[in-house]
Ligand SMILES: [Zn+2]
């Protein structure tokens, strides 16, 4: 008989390098980075082809997330069992340079790709920024396919993009079909469908380390953009049904809540998995004597008993100021 999957899972983060990366995954999120100045992404929870999260401890230590989806579907996914792989991908991104302007397909469009993939709807929560940091999200009102095409030919795509200077904690919801780019200086948590389907529209007329421009996918991007979508503004958080919980995104693909925890906070017991991401402060899971620090992630399987996140240290403690509580994202399927 196999061990049962009823405890909160921690995974080994998977680091990705890029020219636009930096060191903030270590300095702000406590990631154990090696040497180098180009750490761009920390994939916290992923089951996408060869990219596989591996369980760190407990009876499932060493197993991939995909193996858990295959062998423990009911325990892991509960009411959402019956999927071939884990549907969501969670990462942190450290963007020290502006990322390329891109767009992702819907599930329908991505199913026709070779090889087929999921669509990619995503959301960001801003964890750090520079005073001048920008987010590009959606097209300016009235930008048609023709106008965008002309701007791309002129190398002047930026004039078509809705541009925002985000505040710390802002959440942006980017459904498939929405043109977007993260600007220089941003550190974000990103939740997305577990997909790699990206069409690059514009790369700011840049070249890579070898002096070559990166490939663009302009035709596919233009065919994928939802030209009715318009500008994207930060989400307006709404109170949810538990004190300290606010809803940032409620969509068909995921729900994203932000929880502020002053003492204890109950999660789970609703036959669905929960991805819990600590954005500030330190906590522990009830009965498990292992700290859960800023930048760490837990996957609570659907079969786990409901438990409590217990505050160890809030945001304000270090400065000796007033206690602000810990901040945790709770991500789950609707
Ligand atoms: Zn994207």
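Tabulated values for the structure
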{"read-out": "Prolate/oblate/rounded call for segment 234-334, Cα gyration tensor, a/c under 1.5 rounded", "value": "oblate"}
{"read-out": "Radius of gyration and maximum dimension Dmax of segment 1-151, Cα, Å", "value": "18.8, 63"}
{"read-out": "Sequence-separation-based contact order of the chain, relative, with Cα cut under 8 Å and 6+ spacing, percent", "value": "19 percent"}
{"read-out": "Convex hull volume of segment 231-293 per residue (C-alpha atoms, cubic angstrom)", "value": "123 Å³"}
{"read-out": "Simple spin-label estimate for residue 227 and residue 140 in nanometres, 7 Å along Cα-Cβ", "value": "1.7 nm"}
{"read-out": "Contour excess over end-to-end distance, with Cα ends at residue 219 and residue 108 and 0.36 nm allotted per residue", "value": "38.2 nm"}
{"read-out": "Residue 128 versus residue 6: modelled label distance in nm, points set 7 Å from Cα along the beta carbon direction", "value": "4.1 nm"}
{"read-out": "Hull-based mean projected area of segment 27-112, where the convex hull spans the alpha carbons, in square nanometres", "value": "8.4 nm²"}
{"read-out": "Using distinct alpha-carbon pairs, which all enter the 1/r mean, Kirkwood radius of the chain in Å", "value": "20.7 Å"}
{"read-out": "Simple label model, 7 Å out from Cα along Cβ direction - residue 28 to residue 238, nm", "value": "2.9 nm"}
{"read-out": "Residues in segment 5-25 that a label on residue 71 would reach, taking backbone N under 19 Å of a point 7 Å out along Cα→Cβ", "value": "5-12"}
{"read-out": "Percentage relative contact order, segment 58-150, counting C-alpha pairs under 8 Å, at least six apart", "value": "13 percent"}
{"read-out": "Three-way shape call for segment 1-75 based on the alpha-carbon gyration tensor, with the a/c threshold at 1.5", "value": "prolate"}
{"read-out": "Sequence of 44, 114 once ranked by neighbouring C-beta atoms within 10 Å, starting from the fewest", "value": "114, 44"}
{"read-out": "Neighbour-count ranking [beta-carbon atoms within 10 angstrom, fewest first] of 171, 157", "value": "157, 171"}
{"read-out": "Segment residue 79-residue 196, length gained on full extension (0.36 nm per residue, minus Cα span)", "value": "39.6 nm"}
{"read-out": "Exposure proxy order (Cβ contacts within 10 Å, fewest to most) of 20, 124", "value": "20, 124"}
{"read-out": "Stretchable slack from residue 290 to residue 50, in nm (0.36 nm times residue separation minus alpha-carbon distance)", "value": "83.5 nm"}
{"read-out": "Mean Cα-pair separation over length for segment 190-334, i.e. relative contact order, pairs under 8 Å, 6 or more apart, %", "value": "23 percent"}
{"read-out": "Cα-based radius of gyration of segment 140-229 once divided by 2.2 N^0.38 Å, which approximates compact folds", "value": "1.16"}
{"read-out": "For segment 96-189, convex hull of alpha carbons as volume per residue, Å³", "value": "119 Å³"}
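Rule-based calculations on the coordinates, nothing more; no lab input. What you are looking at is a predicted structure, and each value in this text was computed from that prediction instead of being measured. Glycine also receives a Cβ, built like all others from the backbone with ideal geometry; neighbour counts cover every protein chain displayed.
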